[in-house]
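This report concerns only the one structure given below.
The values are calculated or read from the model by the stated rules, or taken from the named source; none is laboratory data. Note that the structure is a prediction, hence the values are computed from the model and not measured. Please note: Cβ atoms are built from the backbone with ideal geometry, for glycine as well, and neighbour counts cover all protein chains shown.
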Amino acid sequence: MFSMNIAVDQRALARLPQQQRAIDRFELVLQEAQTLLAEEGLAGFSIPAVAARLGYTRASIYKFFPTPYAVLNELVRRHFAGLEQTLVADAAQLARRDWQDVVRAIVHAAAAFHNEHPTGMMLALGGAVTDESYRSYELTVRHLGGLARQLLQARGLTVAAEPVDVATLAVDVATTCFRHSYIAHRLITPDYERAAADVMIDFLARQLGLQKA
C-alpha cells in the first residue's frame with residue numbers, strides 16, 4: 001500500500017460534538033442516514049432527505065456534517081473501526097491454531113462482519129466515496145496487516161514489513177476478492193470467501209516460503 005499525500009478536505013469530515021445533547025443528535029443523524037441508505041441507496045441519499053425524516057433543520061445537520069460526504073465518511077470510518085475491533089477480539093482465540101486455519105478464520109470473521117452490516121459494506125466495498133474514505137480503507141488494511149503479522153510471528157514465522165509489507169498486501173488481496181463479491185452479489189458469498197482465503201494463503205506461502213497443508 002502507498003500513502004496518499006492529498007490534502008484533507010475538511011468539508012468531507014464530520015465535526016465531532018462535545019455536549020451530550022449535540023452528541024445525541026449527531027448519533028441520530030448517522031442512524032437515520034444508515035436507514036436511508038439501506039432503503040434508497042446512494043442515489044437517494046442527501047442531507048435534506050435526512051433532515052426531513054428526522055424533523056431537523058438542514059442547518060442543524062450541516063453544523064456537524066458540512067457535506068453529505070462527511071456523513072458517508074463517518075459511516076465508512078465506523079465500519080472499518082468495527083471490523084478491526086472484531087478481528088482483534090477474535091485474535092486471542094487463534095493463538096495455537098495452524099497458520100492456514102488462522103487465515104481462514106480471519107477471512108471468515110471479516111466476511112461475516114461485512115454481511116452483518118450491509119450499509120457499511122456498501123460504502124466500504126462499493127468504492128471509495130472520497131479521498132478521506134480511501135484513507136480509512138488504507139489505514140484499516142495496514143492495521144489488519146499488522147494483526148496478521150503478529151499472529152504469524154507468534155507461530156515463529158518471520159514476516160517483515162520491508163522492503164515489501166507482505167502481510168498488508170495479503171490483506172489487500174483478500175479485500176479485493178470481497179469487493180468483487182459485493183459488486184456481483186451485494187454480499188460476500190461463501191465462494192468468494194473461500195477465494196479470498198485461498199489467495200491470501202497462496203500469497204503468504206509463496207512470499208514466506210511456507211508449506212501448505
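Of note:
- Of the helices (runs of 4 or more DSSP H) contained entirely in segment 14-76, those carrying at least 3 residues that are of a type in the set (A, V, I, L, M), out of contact with any Phe, Trp or Tyr (no Cβ under 7 Å at 6 or more places or on another chain) and more than 19 Å from residue 125 (Cβ to Cβ) fall at 20-40, 47-54.
- Residue that is modelled with the highest pLDDT, among those in segment 1-34 that are among the small types (Gly, Ala, Ser) and surrounded by 12 or more Cβ atoms within 10 Å (Cβ to Cβ): 33
- Test: residue in segment 144-164 that is surrounded by 15 or more Cβ atoms within 10 Å (Cβ to Cβ), touching a residue at least 40 places away in the same chain (Cβ under 8 Å), closer than 28 Å to residue 45 by Cβ and not assigned by TED's automatic domain parsing to the domain that holds residue 41: yes
- Residue check, residue 37 surrounded by 14 or more Cβ atoms within 10 Å (Cβ to Cβ), closer than 25 Å to residue 141 by Cα and at pLDDT 85 or above: yes
- Selection status of residue 81, crowded, with 16+ Cβ neighbours inside 10 Å, in the same structural domain as residue 149 (by TED's automatic domain parsing), part of a helix (DSSP H, G or I) and out of contact with any Phe, Trp or Tyr (no Cβ under 6 Å at 6 or more places or on another chain): no
Here is a yes/no grid of residues against (1) part of a helix (DSSP H, G or I); (2) of a type outside the set (Lys, Arg); (3) at pLDDT 95 or above:
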{"residue": "145", "(1), (2), (3)": "yes, yes, no"}
{"residue": "150", "(1), (2), (3)": "yes, yes, no"}
{"residue": "156", "(1), (2), (3)": "no, yes, no"}
{"residue": "197", "(1), (2), (3)": "yes, yes, yes"}
{"residue": "207", "(1), (2), (3)": "yes, yes, no"}
{"residue": "212", "(1), (2), (3)": "no, no, no"}
